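Each remark here refers to the structure printed beneath this line.
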Amino acid sequence: MQRKPIEIAQLQIKPYYLFHHQWALLTSGDYAKNDFNTMTISWGALGTLWSKPFAFVAVRHSRYTYQFMQKYDTFTLTAFPDKYHQALSLLGNKSGLDGDKIAESGLTPEPATMVAAPTFEEAEIVIECQKMYANDLNPAHFLDEGIYRHYPNRDFHRIYYGEILFASGSDEYSA
């Protein structure tokens with residue numbers, strides 16, 4: 001897909017739509033070492049924190065990608081045109097421990113511009129991040145009892161905050 005660099009201040013994204021409807025891939029690891037994994041996510045946020053543009057993602061400890069998020073300092077978020085929805089579904093339902101799910105998805109990993117974590121050739125938007133902070137959700141701080149329904153096994157997510165270092169995308173993503 002043809003993407004161009006986008007100044008962070010010019011990045012135009014509908015965050016709720018991106019995560020809840022379009023989905024995104026969270027990828028961590030090192031492309032050059034061929035040591036990475038990806039997973040489909042539908043929970044996340046974009047904004048400003050500590051005067052920096054940031055993305056936050058949530059990863060359960062049981063996910064294979066969690067190991068990569070712990071081991072490596074960078075991650076990428078990528079979103080795709082609707083025609084790749086089936087590939088994203090596969091990447092969200094299969095574990096990288098069970099085989100080469102990326103090859104099975106038909107998506108093509110490629111190096112990112114500024115971080116070690118890879119991106120994908122077919123992506124229409126790429127957000128490259130450097131981890132700034134991580135912490136496990138603490139249920140003692142839940143203010144809405146309804147949150148518990150997302151955790152019947154009490155397998156609370158670790159939240160990762162990443163400074164957005166670089167973004168690229170199709171024209172629809174820039175002002």
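In order along segment 50-58, the Karplus-derived 3J(HN,Hα) couplings, from 6.51 cos²θ - 1.76 cosθ + 1.60 at θ = phi - 60°, round to 6, 6, 10, x, 9, 10, 10, 9, 10 Hz, and Gly and Pro are given as x. Across segment 127-135, coupling constants 3J(HN,Hα) worked out from phi with the 6.51/-1.76/1.60 Karplus curve, θ = phi - 60°, read 10, 9, 10, 10, 4, 10, 6, 8, 6 Hz, and Gly and Pro carry x.
Computed over the Cα atoms, what is the radius of gyration of segment 1-97 divided by 2.2 N^0.38 Å, N being its residue count?
On the way: Rg = 13.8 Å, N = 97, 2.2 N^0.38 = 12.5 Å.
Working it through for segment 1-97, the quotient is 1.10.
Considering just Cα atoms, how many Å³ per residue does the convex hull of segment 91-158 enclose?
Values: hull volume 10.8 nm³, N = 68.
Here the figure is 159 Å³ per residue.
Quick one: order Ser42, Ser28 by neighbouring beta-carbon count within 10 Å, fewest to most.
On the way: Ser42 14, Ser28 31.
Placing the least packed residue first, the sequence is Ser42, Ser28.
Stokes-Einstein diffusion of the chain at 25 °C, 0.890 mPa s viscosity, Kirkwood radius from Cα pairs, rounded to a whole number: 150 µm²/s.
At an R0 of 30 angstrom, the distance between the Cβ atoms of His150 and Leu49 translates into a FRET efficiency of 0.85. The order of the peptides 125-137, 100-112 by mean Cβ neighbours within 10 Å, most packed first, is 125-137, 100-112.
Checking the table Lys33/Lys131; Lys71/Lys131; Lys4/Lys131; Lys14/Lys83; Lys14/Lys71 against a 21 Å threshold on Cα-Cα, which pairs fail? Don't jump to the answer; show the numbers that get you there.
Numbers: Lys33/Lys131 19 Å; Lys71/Lys131 11 Å; Lys4/Lys131 23 Å; Lys14/Lys83 19 Å; Lys14/Lys71 30 Å.
Exceeds cut-off: Lys4/Lys131; Lys14/Lys71.
With each label modelled as a point 7 angstrom along the Cα→C-beta vector, the Lys33-Glu172 pair spans 3.6 nm.
Going by how many other beta carbons lie within 10 Å of each one, how would you line up Met1, Met69, fewest first? Spell out each step's value before the answer.
Values: Met1 15, Met69 25.
Ranking Met1, Met69 by Cβ neighbours within 10 Å, fewest first, gives Met1, Met69.
Read the figures in this text as sums done on the coordinates, not as results from a lab. Quantities reported herein were computed from a predicted structural model and do not represent experimental measurements. So basically every Cβ, Gly included, is an ideal-geometry build from the backbone, and we count neighbours across all protein chains shown.
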